[in-house]
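Chemist: The structure under discussion is supplied below as structure tokens; questions concerning it will follow.
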Amino acid sequence: MRACLFLWLLILTAASSAQSNGPSRFEAEYYVTAYAQHYRIPVALIEAVVERESNWRSCAISPKGAVGLMQLMPSTAQYLRVHDRCNIDQNISGGVRHLAWLVQRFGGDFRLALAAYYAGENIVARRGLAYRNPDVVAYVSRIRATYLRITQAQTAIFQLAENRSLR
């Protein structure tokens, strides 16, 4: 029963995502989950980054030249061997690999890793937690808020499913 409810919720979520943002949203969510799990980064954190960076638009372009779901800059994409920044699979693979590397570089501190993802690893490495640029602090705070919203929604769905299966 619980497995059926979970499957139904998954199908419903996929259908609503596909209707609201096109079929690429469903594909993007698949790759976010797959790469986040592979690189041992919380799926909700990658979802929060994608939501903040591109609002799930597969070929979003920033004024500074970042492109794609995870907004990869040209030099970062080249380093990560991402040849097509608008390709959903390549973009998410590169972005998650980059964030996973930053998490490792900053000793598991997600705040510093996110700050480095946004502002560049060298400046954050030099200044660490002393780096209080208002834009960077706001970026990390927004990612954190989105992450918490996503995880709370997921918890509520699973609690609802669990409560219904116990009846």
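The values are calculated or read from the model by the stated rules, or taken from the named source; none is laboratory data. This structure is a prediction, so every number in the text was calculated from the model and none was measured. Because the Cβ atoms are built from the backbone with ideal geometry, glycine has one as well, and the counts that use them run over all protein chains shown.
Chemist: Considering only segment 46-73, state which residues are assigned to a helix (DSSP H, G or I) and either of a type in the set (D, E) or touching a Gly at 6+ places or on another chain (Cβ under 6 Å) (or both). Talk me through it step by step, then tell me what you get.
Modeler: As a first pass, look at segment 46-73 and keep what is assigned to a helix (DSSP H, G or I): 46-54.
Passing the criteria: E47, E51, E53.
Chemist: Out of all the residues in segment 119-129, is one or more of a type in the set (G, A, S), modelled with pLDDT of 95 or more and either touching a Pro at 6+ places or on another chain (Cβ under 6 Å) or within 16 Å of V49 (Cβ to Cβ) (or both)?
Modeler: First pass over segment 119-129, keeping only residues of a type in the set (G, A, S): 119-120, 125, 128.
In the following step, the residues that additionally are modelled with pLDDT of 95 or more were identified as none.
Within segment 119-129, none of the residues are of a type in the set (G, A, S), modelled with pLDDT of 95 or more and either touching a Pro at 6+ places or on another chain (Cβ under 6 Å) or within 16 Å of V49 (Cβ to Cβ) (or both).
Chemist: Next up: Evaluate the following for G108: is it of a type in the set (G, A, S), on the phi > 0 side of the Ramachandran plot and over 15 Å from the mean Cα position of the chain (by Cα)? Break it down stepwise before answering.
Modeler: Working: of a type in the set (G, A, S): yes; on the phi > 0 side of the Ramachandran plot: yes; over 15 Å from the mean Cα position of the chain (by Cα): yes.
Against the criterion (of a type in the set (G, A, S), on the phi > 0 side of the Ramachandran plot and over 15 Å from the mean Cα position of the chain (by Cα)), G108 qualifies.
Chemist: Take R97 and tell me if it is closer than 18 Å to Y30 by Cα, touching a Gly at 6+ places or on another chain (Cβ under 9 Å) and charged (D, E, K, R). It would help to see each step written out before you state the result.
Modeler: Values: closer than 18 Å to Y30 by Cα: yes; touching a Gly at 6+ places or on another chain (Cβ under 9 Å): no; charged (D, E, K, R): yes.
So R97 does not fit the description; no.
Chemist: Then there is this: Got at least one residue in segment 151-158 being assigned to a helix (DSSP H, G or I) and touching a Phe, Trp or Tyr at 6+ places or on another chain (Cβ under 6 Å)?
Modeler: So in segment 151-158, the residues assigned to a helix (DSSP H, G or I) come out as 151-158.
This time we only want the ones that are touching a Phe, Trp or Tyr at 6+ places or on another chain (Cβ under 6 Å), so: none.
No, because not a single residue in segment 151-158 is assigned to a helix (DSSP H, G or I) and touching a Phe, Trp or Tyr at 6+ places or on another chain (Cβ under 6 Å).
Chemist: Here's a follow-up. Failed condition for A66, given (1) within 28 Å of A130 (Cα to Cα); (2) among the aliphatic types (A, V, I, L, M); (3) out of contact with any strand residue (DSSP E or B) (no Cβ under 9 Å at 6 or more places or on another chain), with all others met?
Modeler: (3)
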